[in-house]
Amino acid sequence: MWSEHLDVVNVGLAGFGDDIRAAGGSVTTLDWRPPAGGDPAAALALARLVRHPEVERANQVAFERYLSARPVLTDVVPAKEAIPELAAERLILHSGPPIAWERMAGPVKGAIAGAVVFEGWARTPEQAAELAASGAISFSPAHHYGAVGPMAGVISPSMPVWVVRDATSGNLAYSNFNEGLGKVLRFGANGPEVLDRLRWMGTELATALRPAVRRLDGLDLKPLIGQALHMGDEVHNRNAAATGLLLKQLLPALIATGPDNAVLRRAAEFITGNDHFFLNVSMAACKAMLDAAAGVPHSSMVTAMARNGVNFGIRVSGTGDRWFQAPANPVDGLFFPGYGLDDAAPDLGDSAITETAGLGGFAMAASPAIVKFVGGTPADATAHSRRMREITIGTNPVFTLPALDFGASAAGIDVRAVADTGIQPVINTGIAHKEAGVGQIGAGVTTAPLPCFTQAVVALADGLGLAAGAAGAAA
């Protein structure tokens, strides 16, 4: 077996190193890992896909569509108006790939229970959980409806959503509003203060923002994101600059559209007091850009990475709506006082759409201050951005990183490159408590699990008739 041969080689090399050291020399350690995680079938599929002309052509098309996308913020509407299926049945959207209620993580169950009470389908979170378990409510990934939500990712019919339109392709993407930090629905909290905030956001705040956003007549988001990168954001876990830039656009429009002074004051105070307010807008922009690249036959470009607190899933342009899943990795990060790794839920949320688009962990070099929130050093942040270039199709010239001499951020994750190098996409993320209702307990860095990418490689090879069991070899 391959592993047995590797053991022999390792023993031989170890002995050879001892001989060199005995002679007064030095030995360089080689960090080598077999392609495709050592899976022979996946490695064979990978070998057949490398430089395959149809894959290369498809990747050029998909990547150009991503680069050409121009996401603009166009509206604020109730989710059921943007997504008609939410009005037709008791349906709640969640983050990550599909999952049944019985298998959902604690924070997702807590968030869904809160949303059920928010919608008036139950009076208490306990009643809501019983209703959810009874099968009376349907659940679906937000990604299936062109939407994204951070952490638990819950979107219910009455919640307001941002509407982002790709001016190039015309496709639409949606995200819910960001509630801020602490005990919030997206971390599974569902107490009275959480529901009161959601009700205010769905009524007064949304009513004030809707005419203001419409007055902007399409706010171009890529230049705003590019500017925020130059101001210290990576537009995932740090959005201080981007939120300020958004407010700079919104405030004159809010004043012009005439909410009374008390409403205006409450809206402005909420936005200025929430540095993460832009995150959900950023996520919708990234979703719009990546959906533009979806559905290109044989392309190996990743168009979504998402987590539901149990599994991590990716979608690939050349394999359509199919999810490739593996258990979500734990998060290595900084915990709030009194909490630790044993308290944490596995990786959670749709916000890895930012990394998929070349932001977040891929753009950490732009945001050395982020390490105070997620751990590590500024040098680590720069190293992450450099390393991601080894697994991407190209770079995005709009998203440039000052610390890398204004070099462009890596973008267009190629499943072949991930499987070949073993370099897993890096993700900045928040950490939710594993139990429902507790909320956020920290933030950190994690990676996308390698098996998602090896599965995708096998599926792509199969689509070309090149899988391990297929007759013939790659051209």
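The values are calculated or read from the model by the stated rules, or taken from the named source; none is laboratory data. Because the structure is predicted, anything quoted here is derived from the model rather than measured. Positions of Cβ are generated from backbone atoms using ideal geometry, with glycine treated the same way; all protein chains shown enter the neighbour counts. Just so you know, the surface numbers come from the protein's heavy atoms only, side chains and all, with ligands and any DNA or RNA stripped out. Shrake-Rupley method; radii C 1.70, N 1.55, O 1.52, S 1.80 Å.
The table below gives the values:
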| quantity | calculated |
| --- | --- |
| Residues (part of a loop (DSSP other than H, G, I, E, B), surrounded by 18 or more Cβ atoms within 10 Å (Cβ to Cβ) and touching a strand residue (DSSP E or B) at 6+ places or on another chain (Cβ under 6 Å)) located in segment 68-113 | Ala69, Ser95, Gly96, Pro97, Ile99 |
| Residue ID - nearest to Ala365 (Cα to Cα), chosen from residues in segment 419-475 that are modelled with pLDDT of 95 or more and in contact with a Leu (Cβ under 7 Å, 6 or more places away or on another chain) | Gln424 |
| Residue in segment 268-278 that is in contact (Cβ under 8 Å) with a residue 40 or more places away in the chain, in a helix (DSSP H, G or I) and buried (at least 21 other Cβ atoms within 10 Å of the Cβ) present | no |
| Positions within segment 367-393 being at pLDDT 95 or above and open to solvent by less than 20 Å² (accessible area, probe 1.4 Å), in sequence order | Ser385, Met388, Ile391 |
| Filtered residues of segment 138-175 (kept if open to solvent by 10 Å² or more (accessible area, probe 1.4 Å) and either out of contact with any Leu (no Cβ under 9 Å at 6 or more places or on another chain) or more than 30 Å from Gly295 (Cβ to Cβ) (or both)) | Ser158, Ala167, Thr168, Ser169, Gly170, Asn171, Leu172, Tyr174 |
| Segment 316-326, subset of a type outside the set (S, T, N, Q) and out of contact with any Leu (no Cβ under 9 Å at 6 or more places or on another chain), residue nearest to Pro97 (Cα to Cα) | Trp323 |
| Qualifying residue in segment 314-325 (condition: assigned to a helix (DSSP H, G or I), open to solvent by less than 10 Å² (accessible area, probe 1.4 Å) and of a type outside the set (D, E, K, R)) | yes |
| Sole residue being within 22 Å of Ser409 (Cβ to Cβ), over 16 Å from the mean Cα position of the chain (by Cα) and not aromatic (Phe, Trp, Tyr), chosen from Arg387, Arg315, Arg307, Arg322 | Arg387 |
| The listed residue being of a type in the set (A, V, I, L, M) and under 16 Å from Gly153 (Cβ atoms), out of Val302, Val310 | Val310 |
| Those residues of segment 395-418 which are part of a helix (DSSP H, G or I) and free of Cβ contacts under 8 Å to residues at least 60 places away in the same chain, in sequence order | Ala403, Leu404, Ala417, Val418 |
| Where Lys248 falls short, out of the listed (1) out of contact with any helix residue (DSSP H, G or I) (no Cβ under 8 Å at 6 or more places or on another chain); (2) open to solvent by 20 Å² or more (accessible area, probe 1.4 Å); (3) in contact (Cβ under 8 Å) with a residue 12 or more places away in the chain | (3) |
| Any hit, segment 178-186, residues being outside any loop (DSSP other than H, G, I, E, B), farther than 25 Å from Trp101 by Cα and open to solvent by less than 10 Å² (accessible area, probe 1.4 Å) | no |
| Yes/no for Thr392 being without any contact (Cβ under 8 Å) to a residue 60 or more places away in the chain and within 18 Å of the chain's Cα centre (by Cα) | yes |
| Qualifying residue in segment 148-164 (condition: aliphatic (A, V, I, L, M), assigned to a loop (DSSP other than H, G, I, E, B) and closer than 21 Å to Val302 by Cβ) | yes |
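Residues checked against (1) open to solvent by 40 Å² or more (accessible area, probe 1.4 Å); (2) of a type outside the set (S, T, N, Q); (3) modelled with pLDDT under 95:
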residue	(1), (2), (3)
Gly191	no, yes, yes
Leu195	no, yes, no
Leu198	no, yes, no
Pro211	yes, yes, no
Gly258	yes, yes, yes
Asn280	no, no, no
